[in-house]
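The next block holds one structure in the form of structure tokens; read it before the comments.
The values are calculated or read from the model by the stated rules, or taken from the named source; none is laboratory data. The shown structure was predicted, so the numbers you read here are calculated from the model rather than taken from an experiment. Note that we place each Cβ from the backbone using ideal geometry, even for glycine, and neighbour counts take in every protein chain shown.
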Amino acid sequence: MDNAAPPAVSGPPAPVFPPPPGPTKGMSGCLKLLLIVAGILAFFMLIVGIVVWQVVSWVTNMVQPQPVAFAPMTLSAGEQEDVQRILQGLNDAKQKGLEFDEYLTPQVFNGTLERLLQGERDKGKQDVPVGVRGAIEGGAMRVQFSAKADQKALETAGKQNATTPFYVNGEVTFDLEIADGQAKVVKLESLKLGGRQAPAILMWIIRKQVDEALKLQNVKKGNGENPFGAVKVLKREGDRLHLVLDGKKIPD
């Protein structure tokens, strides 16, 4: 018997299939990082844009076409006597070089300041504020004011070519202590101009500048003088303001 292997049967070759696909690869790590960074930058630029808009909008509206209309002062007979005594004390301190030492309630302070401002107006001075009102609230001093905008304020608000007068109407809440002509405590709590609160970033900048000036005692007027030179004591004590002035240093 022939045990030889049968001849091979010829035919088409067996089909060759590609290997099965591997697991899908995700986004590369670098691309993900770039997209995250781009998103953070976009968000940051949005925040910066909002802050800049707030600051520009606030500064642009810092001057108004009308001053604040303060209500007329209403003083009792006793308060009127206090105002007259304080005015006389200020005059004596300045003329005779005496020390002025008084405790003033907000109402008496306002009445005294109104008389002083009116006296300056009667002299024909043009840079006198339209009105100022002070108060002591919540352990801090609050001052409302209205004054004709000077050229610098007009330029800041973009109204340097205005043909009619504009006014700066504001309100500031703060705590202040002065001793021997030097500011010891300056805490700015809030600032409003034109009825609008200053943006947070601007308040932060102002507070930093105030803190720096306080550290260096670099508080000067335009002519280089210390505006607190005559102040021996200025301090809020309860609901009154304690004021001590050196009559020899009270400016004209």
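What do you reckon, is V168 part of a strand (DSSP E or B), in contact (Cβ under 8 Å) with a residue 24 or more places away in the chain and farther than 24 Å from E81 by Cα?
Values: part of a strand (DSSP E or B): yes; in contact (Cβ under 8 Å) with a residue 24 or more places away in the chain: yes; farther than 24 Å from E81 by Cα: yes.
When the stated conditions are applied, V168 passes them.
Sort out which residues of the stretch 200-237 are at pLDDT 90 or above and of a type outside the set (A, V, I, L, M, F, W, C), and write them in order of number.
Result: K232, K235, R236, E237.
Take A153 and decide whether it is crowded, with 17+ Cβ neighbours inside 10 Å, more than 30 Å from G238 (Cβ to Cβ) and either touching a residue at least 24 places away in the same chain (Cβ under 8 Å) or small (G, A, S) (or both).
Values: crowded, with 17+ Cβ neighbours inside 10 Å: yes; more than 30 Å from G238 (Cβ to Cβ): yes; either touching a residue at least 24 places away in the same chain (Cβ under 8 Å) or small (G, A, S) (or both): yes.
Answer is yes for this residue.
So S146 ticks every box in (1) touching a helix residue (DSSP H, G or I) at 6+ places or on another chain (Cβ under 6 Å); (2) of a type in the set (G, A, S); (3) not in a helix (DSSP H, G or I) but one. Which box is left unticked?
(1)
Counting only residues that are more than 25 Å from the chain's Cα centre (by Cα), of a type outside the set (D, E, K, R) and part of a strand (DSSP E or B), which one in the stretch 234-251 is surrounded by the fewest Cβ atoms within 10 Å (Cβ to Cβ)?
H242
Is it the case, given these coordinates, that L90 is over 31 Å from the mean Cα position of the chain (by Cα), of a type in the set (A, V, I, L, M) and closer than 23 Å to D180 by Cα? Spell out how you get there, then give the answer.
Details: over 31 Å from the mean Cα position of the chain (by Cα): yes; of a type in the set (A, V, I, L, M): yes; closer than 23 Å to D180 by Cα: yes.
Yes.
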